[in-house]
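Below is one structure, written out as C-alpha cells, with a few remarks after it.
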Amino acid sequence: MKRSILFAIFICVSAFTFAQSGKYESAMKANISQLDSLMTKNNFQELANNFIRIGDAEKTQWLPYYYAAYCITSQGLSEKDNSKKDALADKATELVTKAETVLGKENSETDLLKSMIATVHMTVDPQSRYMTYGPDIASYIEKSKTLDPTNPRPYLFEAENKFYTPEAYGGGKDAAKESFEKANKLFNNFKPETDLSPNWGKTALNYFLSQYQ
C-alpha cells in the first residue's frame, strides 16, 4: 500500500514537472522566434521583458536571462542616442551576471555578450573610450572562441567590428572578410545543443557576405 502511494506521488510530480517543462519550452520558442526581427520591429524591451518574466518564473534556467541580455545589448548597439547607451549596457551586464549565476559559470555565449556590451559602452565616445573598452572587446571575443571553438558568433561579431572600423585603424571591408568566411564555415556545421540554445546570427552574416558579391 505504501509503495502504491509513493508511486502515485512520483507519477503526479513527474507529470507536473513535464507540464511545467513543456510550458517553459513553448514560451521560450515563441520569443526566440522573434529575435531575427528585432531590428525591424524595434521591440527590444518587449522581448527582453518577456524573457525576464520567464527567467523569474523558472529560476533554474539561464537562457531566459541570456536572451534578455541579448535583446538589451542589441538595442544598445542600434541606439542612436549616445546618452542612453551606458544605461542599456549596464542593464545587459546585470542580466548576463544573472545568467552566469544560474548556470554556475561563464560560457562562450555569455562571454560574447560581454564583448558586445563593452562595444556598446565604447560607442558612446570611441575616441576617448577605446583604451578602456577596446581590450575587453577583444579579450572576451577570444575567450568566447576558446570556450567553444565551434561557435560561429564570436567570429561574426569580430568581423562586424572590423567591417565598421575605419581602414586607418586596421579595419574595413577587406580586413573583415576572413572572419566573415570563418563564421560562415562554422555556421554551416554548427548544431545548437538544444532547440532553445543560441542559434542567432546567420541572417546578419548573409547580409554581410552579400556585400562581397
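The values are calculated or read from the model by the stated rules, or taken from the named source; none is laboratory data. Just so you know, these numbers come straight off a predicted model, no measurement behind them. Cβ atoms come from the backbone with ideal geometry, glycine included; neighbour counts cover every protein chain shown. Areas reflect the complete protein model, heavy atoms only, side chains present, ligands, DNA and RNA absent. Shrake-Rupley method; radii C 1.70, N 1.55, O 1.52, S 1.80 Å.
Taking a probe of 1.4 Å, how large is the accessible area per residue of segment 26-156, in Å²?
Per residue, segment 26-156 has 47 Å² of solvent-accessible surface.
Specify whether the C-alpha gyration tensor of segment 31-140 places it in the rounded, prolate or oblate class, a ≥ b ≥ c being the square roots of the eigenvalues: rounded for a/c under 1.5, otherwise prolate if a/b is larger than b/c and oblate if not.
oblate
Can you run the Rg to Rh ratio on segment 106-166? Use alpha carbon positions and the Kirkwood inverse-distance Rh.
0.97
Cα convex hull of segment 168-213: mean projected area in nm², to one decimal?
Directional mean of the projected Cα hull area for segment 168-213 stands at 4.0 nm².
Loop only by DSSP, 13 or fewer other Cβ within 10 Å of the Cβ. Give me the trypsin sites (Lys or Arg not before Pro) in segment 19-112 that pass, ordered by residue number.
Filter output for segment 19-112: 59, 80, 105.
Which whole-number percentage describes the relative contact order of segment 75-119, with Cα contacts under 8 Å and a sequence gap of 6 or more?
Normalised by residue count, the contact order of segment 75-119 is 42 percent.
For the chain, calculate the relative contact order in percent as a whole number, restricting contacts to Cα pairs under 8 Å that are 6 or more residues apart.
With pairs under 8 Å counted, the relative contact order is 14 percent.
Remind me, relative contact order of segment 119-213 in percent, using alpha carbon pairs under 8 angstrom and six or more residues apart?
20
Give the accessible area for residue 90 in Å² (nearest 10); use a 1.4 Å probe, count only protein heavy atoms, and leave out ligands, DNA and RNA.
90
Hey, can you grab everything whose amide H is under 5 Å from the amide H of residue 165? Only 5+ residues off in sequence or another chain; H modelled, so Pro and N-termini drop out.
Residues meeting the criterion, in which the H sits 1.01 Å from N, are 172.
Under a 10 Å cutoff between Cα atoms, tell me which one of 188, 31, 49 has the largest fluctuation in the Gaussian network model of the chain.
Highest fluctuation among the options: 188.
So what are the ³J(HN,Hα) numbers for segment 84-101, from phi and the Karplus equation (6.51, -1.76, 1.60; θ = phi - 60°), rounded to whole Hz, Gly and Pro as x?
With the stated coefficients, segment 84-101 comes to 9, 5, 4, 5, 5, 5, 5, 5, 4, 4, 4, 6, 4, 4, 4, 4, 5, 5 Hz.
To one decimal place, what Kirkwood hydrodynamic radius in Å is obtained for segment 108-213 from all pairs of distinct Cα atoms?
Roughly 14.1 Å, rounded to one decimal.
For the chain, what is the mean residue ellipticity at 222 nm derived from helices alone (per DSSP H run of n ≥ 4: -39500 (n - 2.57); sum divided by total residues; nearest 500 deg cm²/dmol)?
Helix-only estimate at 222 nm: -25000 deg cm²/dmol.
If I ignore ligands, DNA and RNA and count only protein heavy atoms, how much of residue 177 is accessible to a 1.4 Å probe, in Å² to the nearest 10?
Approximately 90 Å² for this residue.
Counting pairwise Cα distances across the chain, what percent come out greater than 22 angstrom?
It works out to 54 percent of all Cα pairs.
Provide the per-residue ³J(HN,Hα) series for segment 54-65, in order, calculated from phi with Karplus coefficients 6.51, -1.76, 1.60 and θ = phi - 60°, each as a whole number of Hz, with x at glycine and proline positions.
Ordered by residue, 3J(HN,Hα) equals 5, x, 5, 6, 7, 6, 10, 10, 8, 4, x, 5 Hz.
Ignoring ligands, DNA and RNA, what percent of the accessible area of segment 112-213 is carbon or sulfur (1.4 Å)?
In segment 112-213, the share of accessible area belonging to carbon and sulfur is 50 percent.
When Rg is the radius of gyration of the Cα atoms in segment 133-181 and Rh is its Kirkwood radius, what does Rg/Rh come to?
Using only Cα positions, Rg/Rh for segment 133-181 is 0.99.
Looking only at 127, 75, 34, which one moves most when the chain is put into a Gaussian network model with springs between Cα atoms under 10 Å?
Fluctuation is largest for 127.
List, in order, the whole-Hz ³J(HN,Hα) value for each residue of segment 34-49 obtained from phi through the Karplus relation with A = 6.51, B = -1.76, C = 1.60 and θ = phi - 60°; use x for Gly and Pro.
9, 4, 5, 9, 3, 5, 7, 8, 6, 9, 4, 5, 4, 5, 4, 5
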